[in-house]
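A quick write-up on the structure given underneath.
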Amino acid sequence: MPVLADIYTQPVQLADFYVSNITDRKFTAALVKHLNITAPLGSFQHLKRVRGDKSKGHRDFVMIPRDHDDSVRESEQINIMMTSLLKSSDIPSTTLSKPYLVKVPICCPATRAQYEESSFYWPVTFHEDKRIAQMLSGTFFSKEEIQRIKNYLLEAESLGKKAAEKGQKHYGIVVVDPDTNTIIAKGHDMCRGSNPLHHAVMVGLDLVARSQGGGMWCLEEKSNVCELTSCESSNGQMASEKSGPYLCTGYDIFLNMEPCPMCSMALVHSRVNRVFYSTPHVDGGLGSKYKVHMQAGLNHHFDVFRWTGEVLSDIRAHH
Amino acid sequence: MEEHINWMSKAMVYAEEALERGEVPVGCIFVYEDQEIATGGNRVNETKNATCHAEIVAIEKVREWCSLRKKDQQDVFRALTLYVTVEPCVMCAGALRQIGVPLVVYGCSNERFGGCGSVLNIAADQLSSLGPSFDVIKGVLAEEAVQLLKQFYKGENPNVPEDKRKPKQISILNKQETRL
């Protein structure tokens, strides 16, 4: 299941708008043209200006948002408003009936479900994001991909188990290059060792750095308490080449637990491709407490998927 | 305040050193019982680890300081003041909560990554599993910190691939400066 930004999952928000019936249909085009100048829709560009109602045989026209600072406008003020809207046009004022209030959606719909809900209130434009639509419909991954994801999540879980056996927290990480389907690094939590920052993600990212000839921590020193694999350095291939992508560009991360805010931001800094995790955490940074991967203002965004199939992890959810 | 400025000018030296190494110029020092016990500068390019920020480097040095003197690192962490030239990012703010640092003094705000109110407020938000929240004093030698960042972004980070480079960084900093 994808962990999407709130705009894709929130219910439709509504605002009050003044609407009027068009009494003479032949002025419809002129009205649209004129009111786009005198009463532009501003942030409500997704609203269609005209709503046809076949059963009642008339057309409604959306005009301007209700001023929320005061209560409903007095009829006198409404008349002034109508006159000013049609000022300097050839459209007779009788073309529009006395306005009334309707609820309209505040935002452009981001998903088909929101579109359908929005259309119930007022006709809106909608451009479906095919990728998001696939994610929401559950057809984004093939069966083979899902099996592969599951296997890596199980691997992260078994690393977490090893950590727990050594008195560390039950968190594991697997870093995968999806192009070659190879594991770049495997690690697990060791924050109960000497460094409280040695969360599974921080350890895993340093192992990737090491596979590229870098690294900042002396993780080997603790090999008596922990089991870690930086796969390239263990078989001696990439460690000497000092190659690999820029940071973790293109790599997928598999975790048995949603990362904390520190680790979530570490994944942003490392420019990862995608993150998959199996268990949510109440203070987690990729869906629960924050959505750091979609945070406005940050320079790198990535997709996050939470496993919603059968239970893959022994750790209890931290709700 | 004068005390803060004095410590911050020392932190600034480590930001300048980072700049000379070709790293993003952020520097910091940890003060324990009126004594500087650890320093750090950004080492992301050197370690090929994007998490190797000044604060993370300095936290490791605090640990070394503690183990040399046989001090309990948790007791020391909880009595530290961090002086850092730029607002700690979301990650570092999380790290500082994790170890329980009570007070962070910083220079300029970090509109792109800041975790003490600019992008998120990890410093103060309710996050019981992450450790205690910490106090923040901002704006100490902010102008100097911004100048160093500007110098860095004038010459681009040579480790960022061509297609990932952001041409707008200077303007972001200009905006930041006008805010301060």
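The values are calculated or read from the model by the stated rules, or taken from the named source; none is laboratory data. The model shown is predicted, which means the values in this text are computed figures rather than measured ones. Every residue, glycine among them, receives a Cβ derived from its backbone with ideal geometry; neighbour counts consider all protein chains shown. For accessibility, only protein heavy atoms count, side chains too; no ligands or nucleic acids. Shrake-Rupley method; radii C 1.70, N 1.55, O 1.52, S 1.80 Å.
Using a cutoff of 8 angstrom between alpha carbon atoms and counting only pairs six or more residues apart, the relative contact order for segment B:30-101 works out to 32 percent.
Angle of helix B:54-68 to the longest C-alpha principal axis of chain B, folded into 0 to 90 degrees and rounded to 10: 30°. The HN-Hα couplings worked out from phi for segment B:2-18 by the Karplus form 6.51 cos²θ - 1.76 cosθ + 1.60 (θ = phi - 60°) are 4, 4, 4, 5, 4, 5, 5, 5, 5, 4, 4, 4, 6, 5, 4, 4, 4 Hz, whole numbers, x standing for Gly and Pro.
Mind giving me the FRET efficiency for A:Val282 and B:Asn121? R0 is 30 Å, r the Cβ-Cβ distance, nearest 0.05 is fine.
On the way: r = 17 Å, r/R0 = 0.58.
In this case the efficiency is close to 0.95.
A straight line joining the Cα centroids of segment B:1-78 and segment A:252-319 runs 28 Å. The A:Asp24 and A:Asn299 beta-carbon pair, evaluated with R₀ = 56 Å, returns a calculated FRET efficiency of approximately 0.55.
Sequentially through segment A:253-265, phi angles give Karplus couplings (6.51, -1.76, 1.60; θ = phi - 60°) of 10, 10, 9, 8, 9, 4, x, 6, x, 4, 5, 4, 5 Hz, Gly and Pro residues having no value and appearing as x.
Summing charges over neighbours of A:Pro40, with a neighbour being any other residue whose Cβ is under 13 Å away from its Cβ, gives +2 when K and R count +1 and D and E count -1. With every protein chain in place and a 1.4 angstrom probe, the accessible-area ranking of A:Thr95, A:Thr23, largest first, reads A:Thr23, A:Thr95.
As an equivalent ellipsoid, segment A:88-222 spans semi-axes of 55, 19, 15 angstrom, where each value is the square root of five times an eigenvalue of the C-alpha gyration tensor, largest first. Accessible surface buried at the B:A interface totals approximately 3000 Å², computed with a 1.4 Å probe on protein heavy atoms.
In what order, largest first, do A:Ser20, A:Ser88 sit by accessible area if the probe radius is 1.4 Å? Kindly include the intermediate steps, with their values, before the conclusion.
Values: A:Ser20 0, A:Ser88 115 Å².
Descending accessible area places them as A:Ser88, A:Ser20.
Distance between the pseudo-spin-label points of A:Phe120 and A:Ser97 (7 Å out from Cα toward the beta carbon): 2.4 nm.
Only lysine pairs 8 or more places apart or on separate chains count here, and in segment B:1-164 those with Cα atoms under 27 Å apart total 18.
Could you compute the net charge surrounding B:Ile37? Neighbours are other residues with a C-beta less than 11 Å from the C-beta of B:Ile37; K and R count +1, D and E count -1.
On the way: positive: B:Lys61, B:Arg63, B:Arg69, B:Lys71; negative: B:Glu33, B:Asp34, B:Glu36, B:Glu64.
Result for the local shell: 0.
Counts of other chain beta carbons within 10 angstrom of each beta carbon in peptide A:263-274 average 5. Heavy-atom accessible area for B:Asp135, with the other protein chains in place and a 1.4 Å probe, reaches approximately 100 Å². Across q = 0.08, 0.10 Å⁻¹, segment B:1-164 modelled as identical point scatterers on its alpha-carbon atoms has Debye log10 I(q)/I(0) values of -0.21, -0.33, in the order of the q list. Taking the average, over residues, of other Cβ atoms within 10 Å as the packing measure, peptides B:46-55, A:210-219, A:267-276 rank B:46-55, A:267-276, A:210-219 from highest down.
Computed per residue of chain B from DSSP H runs no shorter than four, each worth -39500 (n - 2.57), the mean residue ellipticity at 222 nm is -13000 deg cm²/dmol.
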